[in-house]
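Here is the structure we will look at, set down as structure tokens.
The values are calculated or read from the model by the stated rules, or taken from the named source; none is laboratory data. It should be emphasised that the depicted structure is a prediction, and the values quoted were computed from it without experimental measurement. Cβ sites come from the backbone with ideal geometry, for glycine too, and all protein chains shown count toward neighbours. Heavy atoms of the whole protein, side chains included, go into the accessibility calculation; ligands, DNA and RNA do not. Shrake-Rupley method; radii C 1.70, N 1.55, O 1.52, S 1.80 Å.
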Amino acid sequence: VKDFKQEVVSKKEISEKDGMVIDVMRWGMIRPDNKQTVINGRFEDLMRRAMFRSLLKDFRCIITINGYYEWKNPGEKTKQPFYIYPKNGEYLELAGLYRPQVQDDGSIVNSFVILTLEAIDTLNF
């Protein structure tokens, strides 16, 4: 991800008044080695990757979207996007993990990743 995209995300607030909070977060976490930005986390890898394992208990969130793209490779050099969305016009809710990250200027920004699974048969191109 070249430019970080900000999204509205629901998160569980851990405090005296536990509950859901709406927050603006940045999509994409910078890996601890600062070499790469991660935008998705495979559900199957959550317990194996330290970056995600430490977030599972207290840093879960819900990302509400109206659709997303799946990519099909009709040829070796081309990709064709397919926009997936609910027919009834409602929203989709995706599971995510977030982490507060200290910026160069000392400010703190919450960054999140979307948790993914293998595509279901009807979407598996």
> Of all residues in the range 59-80, how many are open to solvent by 60 Å² or more (accessible area, probe 1.4 Å) and over 21 Å from VAL38 (Cβ atoms)?
Replying inline: 8
>> If I ask for residues that are assigned to a strand (DSSP E or B) and modelled with pLDDT of 85 or more, which ones from the range 30-39 would you list?
In response: THR37, VAL38
> Could you list, in sequence order, the residues of the range 74-93 that are assigned to a strand (DSSP E or B) and of a type in the set (D, E, K, R)?
Replying inline: GLU93
> Taking the stated definitions as given, is ASN124 surrounded by fewer than 11 Cβ atoms within 10 Å (Cβ to Cβ), modelled with pLDDT of 85 or more, assigned to a loop (DSSP other than H, G, I, E, B) and of a type outside the set (A, V, I, L, M, F, W, C)?
Replying inline: no
> Quick one: would you say PRO32 is surrounded by fewer than 11 Cβ atoms within 10 Å (Cβ to Cβ) and either within 16 Å of VAL113 (Cβ to Cβ) or in contact with a Cys (Cβ under 6 Å, 6 or more places away or on another chain) (or both)?
Replying inline: yes
>> If I ask for residues that are under 12 Å from GLY96 (Cβ atoms) and either of a type in the set (Lys, Arg) or in contact with a Ser or Thr (Cβ under 6 Å, 6 or more places away or on another chain) (or both), which ones from the range 33-60 would you list?
In response: ASN40, ARG60
>> If ALA119 meets every condition in (1) under 18 Å from VAL21 (Cβ atoms); (2) in a loop (DSSP other than H, G, I, E, B) apart from one, which number is that one?
In response: (1)
> Among the residues of the range 40-88, which ones are farther than 14 Å from MET29 by Cβ, among the small types (Gly, Ala, Ser) and at pLDDT 85 or above?
Replying inline: GLY67
> In the set LEU56, LEU46, LEU97, LEU117, which member is open to solvent by 60 Å² or more (accessible area, probe 1.4 Å), touching a residue at least 40 places away in the same chain (Cβ under 8 Å) and aliphatic (A, V, I, L, M)?
Replying inline: LEU117
